[in-house]
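Written below as structure tokens is the structure these notes are about.
Nothing in this text is a laboratory measurement; each read-out follows from the coordinates by a stated rule. Note that this is a predicted model, so its numbers are computed, not measured. Because the Cβ atoms are built from the backbone with ideal geometry, glycine has one as well, and the counts that use them run over all protein chains shown.
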Amino acid sequence: MLMHQSRANREPFDVIDLDPYGSPAPFLDAAVQAVSDGGLLCVTCTDMAVLAGNSPETCYSKYGAVSLKGKFCHEMALRVVLHSLDLRANCHQRRVVPLLAVSADFYVRVFARVLAGQAQAKASASKQALVYHCVGCGSHHLQRLGKATRHGDRCDRVPAGWPFKYGAATGPPVGPTCEFCQQRHQLGGPVWAEPLHDVAFVRRVLAALERSPGRFGTEQRMRGVLSVVTEELSDVPLYYTLDGLSSTLHCNTPSLLQLRSALLHAGYRVSLSHACKNAVKTDAPPAALWDIMRCWAKLHPVKRERLAEGSPAARILAVEPTLQASFALRDDANPSSRKRGLKRFPENPEAFWGPKARAKAGGGISPALQEKRQRLQNKRTERPDDGSSLKNFPCKRFKE
Ligand SMILES: [Zn+2]
């Protein structure tokens with residue numbers, strides 16, 4: 001209400017911080033209008049179950065994008081929120097420019113500037129992408145919604161500030177089935193496919209943090225997370241995880257440094273992600289990544305007879321690698337934030353730490369979560385062996 005009023009009175013806010021209990025989705029439309037041109041919008045989303053793919057249909061109704069339950073779900077959550085912000089800003093001839101987007105503990109938080117300008121808002125379609133995610137091996141591919149091309153040599157005929165021509169994108173980037181494991185793809189998105197952070201801004205925040213030590217209680221953690229953020233490959237959306245790759249092939253897990261070295265030896269870039277401890281963010285295509293994993297599986301053989309026929313592992317390992325991976329450790333494989341021993345992925349301070357259950361509508365507190373967990377855990381697996389849980393009435397067919 002306040003936000004709508006500020007817009008009606010033409011008194012926009014310089015900074016709006018949305019941090020409601022639950023989803024901020026109902027407030028996003030008012031917020032992108034009520035913030036001034038170039039103003040800052042901060043949004044916290046605690047509805048991670050929705051954003052991380054547990055209920056993609058709810059995610060669509062709230063954020064206008066389908067979330068996926070992939071290994072990359074935490075980064076995808078950030079991209080879904082940014083997509084939603086940009087989409088709503090576009091309705092009012094505005095657009096968002098992310099400064100910093102972080103996934104922490106049980107929530108995501110996005111800091112973005114909102115800029116006015118109808119011409120620039122046109123570029124938004126080409127900044128969003130659909131995500132094809134293979135259900136078998138977890139390979140993912142992005143499909144941009146639009147295409148922005150430079151006018152090139154005809155630039156003199158184009159009005160100033162209009163250097164791009166926009167059109168429909170062509171695709172899809174995948175066949176009917178996955179080229180590696182022959183399984184189907186899930187379709188998610190659209191999500192924001194441009195950089196999540198303004199690295200220059202993040203460096204300034206880090207510098208400000210250095211200048212005033214002891215100002216924040218969470219200083220160590222802030223320094224750790226922001227350092228990883230500056231190391232992230234900004235032009236590579238989403239990531240794979242070490243355990244995800246090796247569990248697909250049922251092989252040993254290479255160490256982070258071994259896999260990173262192999263990718264660097266093969267001529268690709270690789271980085272961590274602040275959103276996941278085991279993340280491997282790389283510009284290597286999935287084909288190269290699977291070739292590296294096939295080479296790893298040759299060094300650490302998988303028991304082929306135990307792989308089910310037609311399983312993703314069997315199909316991927318049936319192909320000979322075309323790339324000869326080297327797992328010799330490289331110095332540059334160890335990222336600087338890791339070398340410096342920064343506190344990047346802190347452990348939870350205590351057991352069952354995190355958001356507690358919502359207060360009941362009629363007042364009062366919900367029954368203790370811990371008690372409920374104990375009552376319900378292993379509900380399906382713990383069955384007495386004495387047969388008391390089986391039907392003990394005679395079958396109709398044999399009833400005399
Ligand atoms: Zn696949």
*To the nearest Å, what is the center-to-center distance of the stretch 97-156 and the stretch 170-249, using C-alpha atoms only?*
13
*Once every DSSP H run of n ≥ 4 in the chain is given -39500 (n - 2.57) and the sum is divided by its residues, what mean residue ellipticity at 222 nm do you get, rounded to the nearest 500 deg cm²/dmol?*
-9000 deg cm²/dmol
*What dipole magnitude, in Debye to the nearest 20, does the stretch 240-339 give about its Cα centre under +1 on Lys/Arg Cβ and -1 on Asp/Glu Cβ?*
220
*asked:* I want to verify a result. In a Gaussian network model of the chain, Cα cutoff 10 Å, which of these has the top mean-square fluctuation: SER124, SER273, SER311?
replied: SER311
*Amide H to amide H, which residues 5 or more places from ASP17 or on other chains are under 5 Å from it, using H placed in the peptide plane?*
CYS42
*asked:* Quick check on my link table: of LYS127/LYS165; LYS71/LYS303; LYS281/LYS303; LYS281/LYS343; LYS69/LYS343, which ones sit more than 23 Å apart, alpha carbon to alpha carbon?
replied: LYS71/LYS303; LYS281/LYS303; LYS69/LYS343
_Using the Karplus curve 6.51 cos²θ - 1.76 cosθ + 1.60 with θ = phi - 60°, what ³J(HN,Hα) values do you get for each residue of the stretch 236-245, in whole Hz, with x for Gly and Pro?_
10, x, 6, 7, 9, 10, 4, 5, x, 5
*Using a 10 angstrom cutoff on alpha carbons, build the Gaussian network for the chain and name the most mobile of PRO173, PRO56, PRO254.*
PRO173
*Under the definition of Cα pairs under 8 Å and six or more residues apart, what whole-number percent is the relative contact order of the chain?*
12
*Given H placed on each backbone N at 1.01 Å, which residues far from ARG330 in sequence or on other chains put an amide H within less than 5 Å of it?*
SER261
*Would you mind telling me which residue in ARG88, ARG315, ARG144 has the biggest mean-square fluctuation in a Gaussian network model of the chain, where springs connect alpha carbons within a distance under 10 angstrom?*
ARG315
*Ascending count of other beta-carbon atoms within 10 Å, so fewest first, for CYS295, CYS178, CYS251*: CYS295, CYS251, CYS178
*Short version: what are the Cα gyration tensor semi-axes of the chain, square root of 5 times each eigenvalue, largest first, in whole Å?*
38, 32, 25
